[in-house]
Amino acid sequence: MSLFDNLEKLSNASGVVGREEEVRNLMVKLLEPHADKVYIDKLENVIAVKKNKNKTPKVMLAAHMDEIGLMVKTVNKEGFIQFAKMGGIDDRLLLAQKVIVQSSKGPVHGIVGSKPPHIQKEEERKKIVTYDELFIDIGAESKEDVTKMGVRVGDPIVFDEKFVSIGKDLVIGKAFDNRIGCAIMIETLKLLKDTDCNVFAVGTVQEEVGLRGATTAAFGVDPDVGLALDVTVAGDVPGVREFDSSVKMGKGPALSVTDAGLITHPKVLRILLDTAEENKIAYQLETGLMGTTDAARISLARQGVPCGTLSVPARYIHSPIGMINLRDAEASAKLTAATVLNMRKVF
Ligand SMILES: [Zn+2]
């Protein structure tokens, strides 16, 4: 299956932080044809192994499977749900979103509502409605009604957005952070098919709440070198200063030099740059980002692991829907596969 098909399936699958089961099952299915072995560890990261015949460095690839979402917190007596946020979500983007509560009895559809603007006071209308003032309306009439529908405290809630192709290479959908990384990781294994290398491709859990799955997976895998595959903010929209983000969609994967959690190991950065030049793959360099990726934790595993990050520029990340250019994803897979093979020159 193509990267496009895989991304469509992965984007439409659900996997709110800590409740990654649906997307993990899909990952196992998509990784299996390209790996010697696929297993699931105790925190439920999925790990696809490609074993080598000769002595080559053990490379860990990491792409997080979890997505930002919500969770049922309380239900009031009129049957409205209040929620907790799972991962960093801008409150301004929540109002009027369609959502799906994943209840024990199956999906329950609803919308995020607030007090109607018509009856808000002048000052009220000017301020941002924070998430604790919002609620989810599933059309229930009472708390008992909600219980009967199978909804209870702790149920995950996903944004109800479907994958759409909107142009030659452009697609929009939910959870591109980081299902695009997952799709690239599968594509990388596909490209490495008959080559001799030692790769552990890990679909990690709970990245959005503090890189938790990557922490334990890196300890278990004990790699010689690590690469995180993720997304980064595309700054090519109105109102963004070049200084704040110079990365653009369609100009190739972004190679991070520093972010809030990782200073890319100089040897890893060198290999990435040389490999990109060698294979004439366009790339963009970025530095000083506020966020970080799984690579930050992998780099601190055991006695330390040289790490780097390849990111696909994405618009509107950490919102219910985003946009990416598939050409960046394809280039990212090509660069990742070629870099894995070049690792033996240095590590
Ligand atoms: Zn991410």
Look through region 289-316, keep the residues that are more than 20 Å from Ser332 (Cα to Cα) and charged (D, E, K, R), and return whichever of them is farthest from the ligand (Cβ to nearest atom).
Arg302
Ala331 vs. criteria among the hydrophobic types (A, V, I, L, M, F, W, C) and within 15 Å of the ligand (Cβ to nearest atom):
no
Restricting to region 207-234, and then to whatever is under 15 Å from Ser311 (Cα atoms) and of a type outside the set (Asp, Glu), can you tell me which residue is nearest to the ligand (Cβ to nearest atom)?
Val231
For region 1-19, which residues satisfy the criterion of being within 27 Å of Ala331 (Cβ to Cβ) and either buried (at least 20 other Cβ atoms within 10 Å of the Cβ) or of a type in the set (D, E, K, R) (or both)?
Asp5, Asn6, Leu7, Glu8, Lys9, Leu10, Ser11, Ala13, Gly15
Residue within region 54-73 that is part of a strand (DSSP E or B), away from the ligand (no atom under 16 Å from the Cβ), within 18 Å of Glu161 (Cα to Cα) and of a type outside the set (Phe, Trp, Tyr) present
yes
So Phe200, is it more than 16 Å from the ligand (Cβ to nearest atom) and of a type outside the set (Lys, Arg):
yes
Can you tell me how many residues within region 193-220 are hydrophobic (A, V, I, L, M, F, W, C) and surrounded by fewer than 22 Cβ atoms within 10 Å (Cβ to Cβ)?
3
Pick from Asp41, Asp5: which is under 17 Å from Ile180 (Cα atoms), acidic (Asp, Glu) and over 14 Å from the mean Cα position of the chain (by Cα)?
Asp5
What residue, of Leu272, Leu255, is more than 17 Å from His64 (Cα to Cα), surrounded by 17 or more Cβ atoms within 10 Å (Cβ to Cβ), among the aliphatic types (A, V, I, L, M) and in contact with a Phe, Trp or Tyr (Cβ under 7 Å, 6 or more places away or on another chain)?
Leu255
Residue identified as surrounded by 13 or more Cβ atoms within 10 Å (Cβ to Cβ) and farther than 30 Å from Ala218 by Cα among Leu95, Leu70, Leu61
Leu95
So which strands (runs of 3 or more DSSP E) stay within region 257-347 end to end and still have 2 or more residues that are free of Cβ contacts under 8 Å to residues at least 40 places away in the same chain?
284-287
Would you say Val129 is surrounded by fewer than 22 Cβ atoms within 10 Å (Cβ to Cβ) and at pLDDT below 95?
yes
Got at least one residue in region 235-248 being under 25 Å from Arg344 (Cβ atoms) and either away from the ligand (no atom under 16 Å from the Cβ) or modelled with pLDDT of 95 or more (or both)?
no
The condition of being within 12 Å of the ligand (Cβ to nearest atom), buried (at least 23 other Cβ atoms within 10 Å of the Cβ) and either among the aromatic types (Phe, Trp, Tyr) or without any contact (Cβ under 8 Å) to a residue 24 or more places away in the chain (or both) holds, among Phe176, Phe159, only for Phe176
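The values are calculated or read from the model by the stated rules, or taken from the named source; none is laboratory data. Computed from a prediction, not measured in an experiment: that's the story for all the values here. Cβ sites come from the backbone with ideal geometry, for glycine too, and all protein chains shown count toward neighbours.
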